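Since the structure comes first, as structure tokens, the remarks are kept for the end.
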Amino acid sequence: MTVKKKKNVLVAPSLLSADFGRLCDEIIAVKEAGADIIHLDIMDGHFVPNITIGPGVVSSLRGCTDLPFDCHLMIADPDRFIKAFADAGADMISVHVETAVHLHRSLALIHEQGVKAGAVLNPATPIETLRHVVDDLDYVLIMSVNPGFGGQNFIASSLEKVRDLKAFLARRKADILIEIDGGIGPGNAGDAVEAGADILVAGSAIFHSAAYRDVIAAMRTGNGGK
Ligand code: DX5
Ligand code: ZN
């Protein structure tokens, strides 16, 4: 019998559902609970109908942990702020394909700051938009909800999209991580990993639970039931 080795999945709690009055404590708590990455949702009230935090808050939080900061920019004209988020301590910065008019330039700007570069696809945005920037990417973020809010229902067709992206990248022999964000929790984490996701973002599933550690562990093992 051959035993298939389980892939090492990375869990990235999204601070969007954390207590904003205690962000540093929340970061420390998820680290102790086994988180790998801190996911920060940056919203401008323009590209998405919500406003969150800017580089100043990210910079203030940088001293709370040594975990990587993954800044998901949901802002119009993201090039204006890439340097500010890099200076604030981002280790990963992703821009939405729908906002980055010059996507290649945005990815180059991120790399110039010594930061990992990601492209984000909204649920209705096709994978083919990445065809000519594959070599410029460290990761791709598949949105499994429409961006703007935590606590929304997972869009089921996102699993097929992750599978397609996995095959698309494999054909190009591209060693690029796949991140999935929106409506993820113990109940569907296993399916997302099976489809090809390497990084699982979860906000409400973790921060609205009583035991962060149990949720993160269940997401990692895919033992969440349905
Ligand atoms: C949505 C954000 C997500 C969100 C996920 O625009 O990008 O990171 O916080 O929250 P949940 O896990 O609650 O769907
Ligand atoms: Zn996000």
## Note on the structure
In whole angstrom, the spacing between the Cα centers of region 129-194 and region 55-95 equals 21
### Task
Over the chain, calculate the relative contact order: mean separation of alpha carbon pairs under 8 Å at least 6 apart, over the residue count, as a percent.
20
### Task
Pairs of Cα atoms under 8 Å, at least six residues apart: use those to get the relative contact order of region 1-114, whole percent.
21
### Summary
The cysteines in the chain that find no other cysteine Cβ closer than 4.7 Å to their own Cβ are CYS71
### Message
Can you tell me what share of the DSSP beta bridges in the chain is antiparallel? A percent to the nearest 5 is fine.
### Response
5
### Query
Top mean-square fluctuation among VAL140, VAL101, VAL11, Gaussian network model of the chain, C-alpha springs under 10 Å?
VAL101
## Note on the structure
Residues whose modelled amide H sits under 5 Å from the amide H of ILE199, counting only those 5 or more places away in sequence or on another chain, are LEU10, ILE178, GLU179, ILE180
#### Entry: Phi to ³J(HN,Hα) by Karplus 6.51 cos²θ - 1.76 cosθ + 1.60 over region 98-107, Hz, x for Gly, Pro
6, 9, 8, 5, 10, 4, 4, 5, 4, 5
### Task
Report the normalised scattering of region 139-226 as log10 I(q)/I(0) at q = 0.17, 0.22 Å⁻¹, calculated by the Debye formula with identical scatterers on the alpha carbons.
-0.66, -1.03
#### Entry: Estimated [θ] at 222 nm from DSSP helical runs (n ≥ 4, -39500 (n - 2.57)) normalised by residues in the chain, nearest 500
-8500 deg cm²/dmol
### Task
Starting with the fewest neighbours, write out PHE69, PHE154 ranked by other beta-carbon atoms found within 10 Å of each beta-carbon.
PHE154, PHE69
### Task
Provide the convex hull volume over Cα atoms per residue for region 22-156, in Å³.
117
### Enclosed volume per residue, in Å³, of the convex hull spanned by Cα atoms of the chain
124
### Message
Please compute one quarter of the surface area of the Cα convex hull for region 63-134 and express it in square nanometres.
### Response
5.1
#### Entry: GNM top mover of ALA90, ALA167, ALA119 - the chain, alpha-carbon springs below 10 Å
ALA167
### Message
Over 28 Å between Cα atoms: which of LYS116/LYS173; LYS116/LYS161; LYS31/LYS173 fall into that group?
### Response
LYS31/LYS173
#### Entry: Relative contact order computed over region 122-223 (Cα-Cα under 8 Å; 6+ residues apart), in percent
27
### Task
Would you mind telling me which residue in ASN122, ASN50, ASN146 has the biggest mean-square fluctuation in a Gaussian network model of the chain, where springs connect alpha carbons within a distance under 10 angstrom?
ASN50
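Laboratory data are not the source of any read-out in this text; all were calculated from the coordinates shown. Please read all numbers here as calculations on a predicted model, not as lab measurements. Note that each Cβ is placed from the backbone with ideal geometry, even for glycine, and that neighbours are counted across all protein chains shown.
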